[in-house]
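A.B. asks: Just dropping this structure here.
The values are calculated or read from the model by the stated rules, or taken from the named source; none is laboratory data. Please read these numbers as outputs of a predicted model, since none were measured by experiment. Quick reminder, even Gly has a Cβ in these numbers, built from the backbone with ideal geometry, and neighbours come from all protein chains shown. SASA here: full protein model, heavy atoms, side chains in, ligands and nucleic acids out. Shrake-Rupley method; radii C 1.70, N 1.55, O 1.52, S 1.80 Å.
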Amino acid sequence: MSPSAASTPRTLRESVQGLRPYLDGVLWRWVCGLLAALLSGLAALAIPQVIQVLVNNVFSADGSGGRSSVVWAGVVLLVLGLAEALFVWLRRVFILPPASDVENRARIGLYRRLQRLPVAFHDAWPSGQLLSRAQADLGLVRRWIAFGSVMFVVDSLVIVVGVALLFTLSWQLALLYLVAAVPIIIRSFSFRNDFRTVSRLSQDQAGDLATTVEESVHGIRILKAFGRGTTALEGFRTQASTLQDTEVRKAGLLASFVAMVVALPEVVLGVGLAWGVYLVATGQMMVGALAAFFATTAVLARPVESVGQLLGMTLSAKTAIDRHLDVISVRPAITSPAGTDPEEAASLGATRLDGDADEMAPPSGALPVLPPSAGGLAFRDVEFRYPDAAEGTAPLLRGVDLELIPGETMALVGTTGSGKSTLLQLVPRLYEATSGRVEVDGADVRDFPLEELRRRVAVAFEEPTLFSDTVRNNVLLGAPADVLADEEKAQQLLDMALDTAQAGFARALPDGLDTEIGEEGLSLSGGQRQRLALARAIAAQPKVLVLDDPLSALDVRTEEAVTQRLREVLADTTTLVVAHRPSTVALADRVAVMADGRIVDVGTHLELLARSAAYRDIISNAEAEEARA
Ligand SMILES: Nc1ncnc2c1ncn2[C@@H]1O[C@H](COP(=O)(O)OP(=O)(O)OP(=O)(O)O)[C@@H](O)[C@H]1O
């Protein structure tokens with residue numbers, strides 16, 4: 001499901017139940033916090049009752065007991081005031097830490113799920129939408145759990161109890177107040193729907209805005225180079241204004257509802273006061289009851305005022321939870337075979353939703369019998385279409401048959417857009433073949449636990465992605481755990497990988513191999529980044545290496561040197577490499593020619609030059625491009 005797809009409709013109860021995996025050990029503290037908040041509300045409501053006794057005694061006909069009752073009432077009021085403050089403090093102590101726990105667990109659950117979801121999911125979801133779900137939405141959920149949810153329940157209960165007390169003091173005046181609540185109750189139904197819609201819109205628009213910021217920071221060089229800064233700013237301004245309009249609409253909706261909630265009791269107050277005085281004057285009501293009545297309405301003023309705000313907060317939090325669940329409930333389409341991956345089961349367990357039960361096969365711990373790691377790679381009648389390809393279009397890859405001999409280096413060449421990169425991504429299951437089989441060491445890639453498959457297969461892409469970390473950590477990202485555990489072996493592996501990829505320049509960086517490279521390695525040149533990404537693939541010590549034009553930013557001579565070293569050092573590693581330069585292609589054992597989503601020929605460079613017009617065409621185009629460069 002893409003972010004533009006409608007969110008699954010859920011009731012508030014269902015949304016809150018979606019948080020269940022994060023509520024371990026939280027509920028009892030929340031209930032204690034709720035009780036503390038309720039007691040503080042009741043303590044506040046008890047104060048007018050004391051006032052009633054006090055006033056009645058002071059104004060009693062004989063005046064007896066006036067002084068002592070004032071002292072007692074003073075003591076009781078003090079105790080009630082202190083109790084109210086104590087319970088407010090207890091509410092915070094009980095609820096604040098578990099609310100942060102929920103936020104933290106939900107954030108980790110989201111991150112874990114994002115790691116599990118296939119590349120196709122990330123193709124469809126803009127990063128800003130995911131960012132806003134991980135940050136702003138979960139912050140809102142925390143505030144709602146810590147404050148909004150508790151106070152919504154407590155204030156609603158305080159209002160119910162308070163109104164009941166008003167009835168004990170004067171049913172006529174209480175009825176007057178209740179009648180004033182009828183329009184509020186009626187309006188609250190339509191308010192809920194209106195506010196929920198606007199709240200979802202504003203949170204989605206905030207996500208789109210985050211995507212724009214992320215993209216323009218990422219593409220700042222392009223924007224500057226093309227002088228598009230002003231245009232980008234205009235676009236951003238429009239988007240920001242749209243969000244502002246939605247926020248203003250949201251605030252307007254809330255303000256009009258809150259105004260109604262606050263104003264109606266105020267209007268009733270004037271009428272109520274006059275009527276109350278009449279009731280006292282005609283002996284239908286004690287003066288103490290009148291004082292207590294209005295003291296109670298004063299105590300109720302705060303919960304009545306805030307209940308509208310809290311309803312708004314509850315609806316916004318519900319939207320935030322729904323947006324979280326929309327991501328967390330996406331089933332990863334590419335998974336390890338059932339029961340082979342404890343981490344997979346943990347990921348599902350941490351985010352289990354209704355209907356997941358059948359997918360929750362407990363990890364058996366026993367891995368299926370896998371073939372020995374020999375470096376076999378084959379494609380058998382493989383067909384593939386992108387999940388987001390237009391309806392009715394032909395599959396991108398059709399009837400792909402290709403077999404590599406363990407240890408050989410095969411170059412994959414073809415016209416642009418013929419599907420070379422796509423084919424490569426099927427090997428580590430970044431995408432899943434629509435039909436047919438991709439085999440590693442004779443077994444279907446779907447039979448391997450993902451971790452094992454990706455231990456056997458390493459990848460380097462044309463667009464190298466590096467992380468904000470040291471050169472060392474970037475290169476050793478996928479190195480075997482036993483090598484990493486031994487400092488000396490890790491250093492040897494690092495040196496070998498850097499030398500093979502001709503990435504010795506990294507040693508001359510200011511802090512050598514411990515130099516922190518900036519976000520995505522942007523402080524390095526394109527060719528330097530490519531060589532580090534290749535070194536990373538080599539350091540993973542795979543049996544199968546798939547390289548998607550990983551040396552395109554290098555000059556011809558360096559590319560040749562790297563290819564030559566790769567063949568020597570990784571003599572028993574099977575390598576499938578997308579290449580464009582004739583000189584590099586010539587170094588491969590064999591070459592596969594791809595056209596229009598099919599492998600149309602396989603042979604040595606010389607064989608193909610002799611027999612394939614398509615190959616000669618590709619090579620002569622590449623030579624012409626090289627000469628122009
Ligand atoms: N995520 C995607 N969703 C939908 N279509 C895609 C996606 N990625 C690539 N394509 C389409 O698949 C086709 C093949 O792309 P691919 O990158 O595999 O070709 P290629 O042979 O590697 O091209 P080049 O040599 O230019 O890198 C292209 O038409 C491209 O538009």
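A.B. asks: Could you check segment 440-491 and list, in sequence order, the residues that are in contact with a strand residue (DSSP E or B) (Cβ under 8 Å, 6 or more places away or on another chain), within 16 Å of the ligand (Cβ to nearest atom) and of a type outside the set (A, V, I, L, M)?
C.D. replies: Phe461, Glu462
A.B. asks: Please enumerate the residues belonging to segment 559-578 that are of a type in the set (Asp, Glu) and open to solvent by less than 40 Å² (accessible area, probe 1.4 Å). Before the answer, list the steps.
C.D. replies: Going through segment 559-578, the residues of a type in the set (Asp, Glu) turn out to be 559-560, 568, 572.
Glu559, the sole residue that qualifies.
A.B. asks: A further question on this structure: Given the options Leu477, Leu509, Leu498, name the one that is open to solvent by less than 30 Å² (accessible area, probe 1.4 Å) and within 29 Å of His218 (Cβ to Cβ). Give the steps one after another, and end with the answer.
C.D. replies: On the way: Leu477 fails: open to solvent by less than 30 Å² (accessible area, probe 1.4 Å); Leu509 fails: open to solvent by less than 30 Å² (accessible area, probe 1.4 Å).
Answer to the check: Leu498.
A.B. asks: Still on this model: Can you tell me how many residues within segment 428-486 are over 27 Å from Gln528 (Cα atoms) and in a helix (DSSP H, G or I)?
C.D. replies: 8
A.B. asks: Any idea which of Thr563, Thr558 is under 26 Å from Arg456 (Cα atoms) and under 43 Å from the mean Cα position of the chain (by Cα)? Working first, answer last.
C.D. replies: Details: Thr558 fails: under 26 Å from Arg456 (Cα atoms).
Testing whether each residue is under 26 Å from Arg456 (Cα atoms) and under 43 Å from the mean Cα position of the chain (by Cα) leaves just Thr563.
A.B. asks: Counting just the residues of segment 117-151 that are within 16 Å of the ligand (Cβ to nearest atom) and in a helix (DSSP H, G or I), which one comes out nearest to the chain's Cα centre (by Cα)?
C.D. replies: Initial filter on segment 117-151 (within 16 Å of the ligand (Cβ to nearest atom)): 117-127.
Remaining after also requiring in a helix (DSSP H, G or I): 119-124, 127.
Working: Val119: 15, Ala120: 16, Phe121: 12, His122: 11, Asp123: 15, Ala124: 14, Ser127: 9 Å.
Ranking the candidates gives Ser127 first.
A.B. asks: Here is a further query. If I filter segment 598-605 for residues that are among the hydrophobic types (A, V, I, L, M, F, W, C), open to solvent by 50 Å² or more (accessible area, probe 1.4 Å) and part of a strand (DSSP E or B), do I get at least one hit? Quick ask: steps written out before the conclusion?
C.D. replies: Narrowing segment 598-605 to residues among the hydrophobic types (A, V, I, L, M, F, W, C): 599-600, 602.
Add one more test, that the residue is open to solvent by 50 Å² or more (accessible area, probe 1.4 Å), and what stays is 600.
Then keep just the ones that are part of a strand (DSSP E or B); that gives 600.
Checking segment 598-605: at least one residue is among the hydrophobic types (A, V, I, L, M, F, W, C), open to solvent by 50 Å² or more (accessible area, probe 1.4 Å) and part of a strand (DSSP E or B).
A.B. asks: Considering only residues that are among the β-branched types (Val, Ile, Thr), free of Cβ contacts under 8 Å to residues at least 40 places away in the same chain and away from the ligand (no atom under 16 Å from the Cβ), which ones fall in segment 574-606? Explain how you work it out, then say what you get.
C.D. replies: So the first thing to find is which residues in segment 574-606 are among the β-branched types (Val, Ile, Thr), and the list is 574-575, 577-578, 584-585, 591, 593, 599-600, 602, 604.
Right, trim to free of Cβ contacts under 8 Å to residues at least 40 places away in the same chain and you get 600, 604.
If the condition is that a residue be among the β-branched types (Val, Ile, Thr), free of Cβ contacts under 8 Å to residues at least 40 places away in the same chain and away from the ligand (no atom under 16 Å from the Cβ), then Thr604 is the only one that fits.
A.B. asks: Which residue pairs have Cβ atoms under 6 Å apart, sit 6 or more places apart or on different chains, and have a first residue in segment 173-191 that is under 18 Å from Val307 (Cα atoms) and a second that is surrounded by 15 or more Cβ atoms within 10 Å (Cβ to Cβ) and at pLDDT 85 or above?
C.D. replies: Going by the 6 Å Cβ cut-off, the qualifying pairs are Phe191/Phe257.
A.B. asks: Could you list all residues from segment 539-558 that are open to solvent by 20 Å² or more (accessible area, probe 1.4 Å) and not small (Gly, Ala, Ser)? I'd like the intermediate steps shown before the answer.
C.D. replies: Step one: of segment 539-558, the residues open to solvent by 20 Å² or more (accessible area, probe 1.4 Å) are 541, 543, 552-553, 555-558.
Gln541, Lys543, Asp555, Val556, Arg557, Thr558 - these are the residues of segment 539-558 that are open to solvent by 20 Å² or more (accessible area, probe 1.4 Å) and not small (Gly, Ala, Ser).
A.B. asks: Can you pull out the residues in segment 370-404 that are away from the ligand (no atom under 16 Å from the Cβ) and among the polar types (S, T, N, Q)?
C.D. replies: Matches in segment 370-404: Ser373 only.
A.B. asks: Listed residues Ala533, Ala503, Ala481, Ala485; which is under 30 Å from Leu423 (Cα atoms) and without any contact (Cβ under 8 Å) to a residue 12 or more places away in the chain?
C.D. replies: Criteria check complete, one pass: Ala481.
A.B. asks: OK, next. Among the residues of segment 405-427, what is the count of those that are open to solvent by less than 30 Å² (accessible area, probe 1.4 Å) and either away from the ligand (no atom under 15 Å from the Cβ) or of a type in the set (Phe, Trp, Tyr) (or both)?
C.D. replies: Residues of segment 405-427 open to solvent by less than 30 Å² (accessible area, probe 1.4 Å): 407-414, 418-420, 422-424, 426-427.
With either away from the ligand (no atom under 15 Å from the Cβ) or of a type in the set (Phe, Trp, Tyr) (or both) added as a condition, the list becomes 407-410.
Of the residues in that region, 4 qualify.
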